[in-house]
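Structure, as structure tokens:
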Amino acid sequence: MSEIEKVDCLIIGSGPAGYTAAIYAARADMNPLMYQGLQPGGQLTTTNEVENFPGYPDGVTGPEMMVQLQQQAERFDTDVRGGFIEKVDFSGDLHKCWADDGKEIHAKTVIISTGASAKYLGLPSEQKYLEMGGGVSACAVCDGFFYKGQDTVIVGAGDSACEEAHYLSKLCNKVTMLVRRDEFRASQIMEDRVKRTENIEILYNTETEEVLGDDSGVTGVRVINNQTKETSEIACTGFFLAIGHKPNTDVFKDYLNTDDVGYIKYEQPGTSKTNVEGVFVAGDAADKTYRQAVTAAGTGCIAALDAERYLAAKEG
Ligand code: NDP
């Protein structure tokens, strides 16, 4: 028998959405319990410098900001635990969740802030420079600024890739877009905008073989044309991926309504409510459009306020 723990508020996931929800829930005396998940701190822990989160005039590193958010949540007595929720049962009035440390948690309210994971190609060279913090990124809005006036390469042909290529084109000297088929996946309007942009070069039928670099970071990419099998090298200092994200919501899929990719659907737009009463969602687990730390934090606040109101109405 696992040990049962009863809580008013369980927060699953520890990015800006989860920590902000924790700060609000804790200050509202909901004694939140947080399981941090597989990647404590979330996607920002793979970002070097964060310069667009209000309140940090000199910028802050992603990991540093996550430590500060955790400290702020703990200052108000959030119970922050390493580990993750591996199973849930949202069929009853109390929401049952099982953690990998053997605990069975019965929560009156649950805030899901499990985020999404950017997809990478999986090449060893790509992972090497990603880990080094030396020129590989899956977020142009976060990191594009560091490549001002330089040459960059972006992989992908969906709406995100088009949006991010266009964003980069305003900062960079040149952007090369690698499209693996002979056509885009993006909507026509986004594709047209990219095609009209002078400093974006589009290479079709082109895949990445290796990310090239030295001790200072990325210096280029070796690509292959998958039709002619010809290889060539493109000099660049930034290598961006925009090949999609996967929301970390598999564990909830038997209970919560999601779209076909797995993003949790809001039951009532403008709130954080899901289709299960007492279960709320914040951050990238429900957001495929904005995906920013500050928007995640904002929805974390909304989720905690919704959870507090739900509890008050139920118990009041
Ligand atoms: P998508 O899944 O739509 O597109 C992913 C792109 O990456 C495709 O072009 C795909 O190629 C390519 N790709 C995938 N894997 C690889 C790989 N291993 N190597 C090379 N290329 C690869 O993801 P997005 O993030 O672009 O969009 C997700 C959703 O969000 C979509 O519904 C989109 O419309 C929406 N969105 C809307 C925006 C807006 O309206 N402003 C902005 C951003 C996103 P292929 O086509 O060959 O499969």
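The values are calculated or read from the model by the stated rules, or taken from the named source; none is laboratory data. These numbers come from a predicted model, not from an experiment. Reconstructed Cβ throughout: ideal geometry from the backbone, glycine too, with neighbour counts over all protein chains shown. Accessible surface is based on the protein model in full, side chains and every heavy atom, while ligands, DNA and RNA are left aside. Shrake-Rupley method; radii C 1.70, N 1.55, O 1.52, S 1.80 Å.
If I filter segment 222-231 for residues that are in contact (Cβ under 8 Å) with a residue 24 or more places away in the chain, in a loop (DSSP other than H, G, I, E, B), crowded, with 17+ Cβ neighbours inside 10 Å and within 12 Å of the ligand (Cβ to nearest atom), do I get at least one hit?
no
Of the numbered conditions (1) surrounded by 19 or more Cβ atoms within 10 Å (Cβ to Cβ); (2) part of a loop (DSSP other than H, G, I, E, B), Thr271 satisfies every one except a single condition; which is it?
Condition not satisfied by Thr271: (1).
Which residues, counting only those in segment 233-250, are within 14 Å of Ser137 (Cβ to Cβ), more than 10 Å from the ligand (Cβ to nearest atom) and open to solvent by less than 30 Å² (accessible area, probe 1.4 Å)? I'd like the intermediate steps shown before the answer.
From segment 233-250, those within 14 Å of Ser137 (Cβ to Cβ) are 236-243, 245; that's our starting set.
Now restrict to residues that are more than 10 Å from the ligand (Cβ to nearest atom): 236-240.
Cys236, Gly238, Phe239, Phe240, listed by residue number.
Name every residue in segment 82-93 that is exposed (fewer than 15 other Cβ atoms within 10 Å of the Cβ) and closer than 23 Å to Ala26 by Cα, in order of residue number.
Scanning segment 82-93 gives Gly82, Asp93.
Among residues belonging to segment 164-211 that are among the basic types (Lys, Arg) and farther than 20 Å from Thr228 by Cβ, point out the one that is nearest to the ligand (Cβ to nearest atom). Steps first, please.
In the first step, residues of segment 164-211 are kept if they are among the basic types (Lys, Arg); the result is 170, 174, 180-181, 185, 193, 195-196.
Narrowing the set further to residues that are farther than 20 Å from Thr228 by Cβ leaves 170, 174, 185, 193, 195-196.
Values: Lys170: 16, Lys174: 20, Arg185: 3, Arg193: 11, Lys195: 15, Arg196: 17 Å.
Checking each candidate, the answer is Arg185.
Right, Val211: touching an Asp or Glu at 6+ places or on another chain (Cβ under 8 Å), closer than 21 Å to Thr237 by Cα and either touching a residue at least 60 places away in the same chain (Cβ under 8 Å) or in a loop (DSSP other than H, G, I, E, B) (or both) or not? Reasoning before the result, please.
On the way: touching an Asp or Glu at 6+ places or on another chain (Cβ under 8 Å): yes; closer than 21 Å to Thr237 by Cα: yes; either touching a residue at least 60 places away in the same chain (Cβ under 8 Å) or in a loop (DSSP other than H, G, I, E, B) (or both): yes.
Against the criterion (touching an Asp or Glu at 6+ places or on another chain (Cβ under 8 Å), closer than 21 Å to Thr237 by Cα and either touching a residue at least 60 places away in the same chain (Cβ under 8 Å) or in a loop (DSSP other than H, G, I, E, B) (or both)), Val211 qualifies.
Within segment 250-270, is there a residue that is touching a Gly at 6+ places or on another chain (Cβ under 9 Å) and either farther than 21 Å from Gly42 by Cβ or among the polar types (S, T, N, Q) (or both)?
no
So which residues in segment 24-48 are open to solvent by 20 Å² or more (accessible area, probe 1.4 Å) and of a type in the set (A, V, I, L, M)?
Those that are open to solvent by 20 Å² or more (accessible area, probe 1.4 Å) and of a type in the set (A, V, I, L, M): Ala28, Leu38, Leu44.
Return the pair list, or none, for Cβ contacts closer than 9 Å from residues in segment 245-260 that are among the polar types (S, T, N, Q) to residues that are open to solvent by 90 Å² or more (accessible area, probe 1.4 Å) and at pLDDT 95 or above, at least 6 apart or on different chains.
Within 9 Å, the pairs are Asn257/Lys265; Asn257/Glu267; Thr258/Lys265.
For segment 55-72, name all the residues that are over 20 Å from the mean Cα position of the chain (by Cα) and either surrounded by 13 or more Cβ atoms within 10 Å (Cβ to Cβ) or at positive phi (or both). Step through it out loud before you land on a result.
Just the residues of segment 55-72 that are over 20 Å from the mean Cα position of the chain (by Cα), to begin with: 55-58, 71-72.
Across segment 55-72, the qualifying residues are Gly55, Tyr56, Gln72.
Anything in segment 94-106 that is within 19 Å of Val281 (Cβ to Cβ) and surrounded by fewer than 20 Cβ atoms within 10 Å (Cβ to Cβ)? List them, or say none.
Residues satisfying the conditions are Leu94, Lys96.
All but one of (1) open to solvent by less than 30 Å² (accessible area, probe 1.4 Å); (2) closer than 30 Å to Leu168 by Cα hold for Val281; which doesn't?
Unmet for Val281, out of (1) open to solvent by less than 30 Å² (accessible area, probe 1.4 Å); (2) closer than 30 Å to Leu168 by Cα: (2).
Every residue, every condition in (1) of a type in the set (S, T, N, Q); (2) under 21 Å from the mean Cα position of the chain (by Cα), yes or no:
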position: Leu123; (1), (2): no, yes
position: Gly149; (1), (2): no, no
position: Gly158; (1), (2): no, yes
position: Asp182; (1), (2): no, no
position: Ser187; (1), (2): yes, no
position: Asp192; (1), (2): no, no
position: Glu201; (1), (2): no, no
position: Thr208; (1), (2): yes, no
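Against the definition (in contact with a His (Cβ under 7 Å, 6 or more places away or on another chain) and either among the hydroxyl-bearing types (Ser, Thr, Tyr) or free of Cβ contacts under 8 Å to residues at least 40 places away in the same chain (or both)), how does Arg185 come out, yes or no? Let's see the steps before the verdict.
Values: in contact with a His (Cβ under 7 Å, 6 or more places away or on another chain): no; either among the hydroxyl-bearing types (Ser, Thr, Tyr) or free of Cβ contacts under 8 Å to residues at least 40 places away in the same chain (or both): yes.
So Arg185 fails the test.
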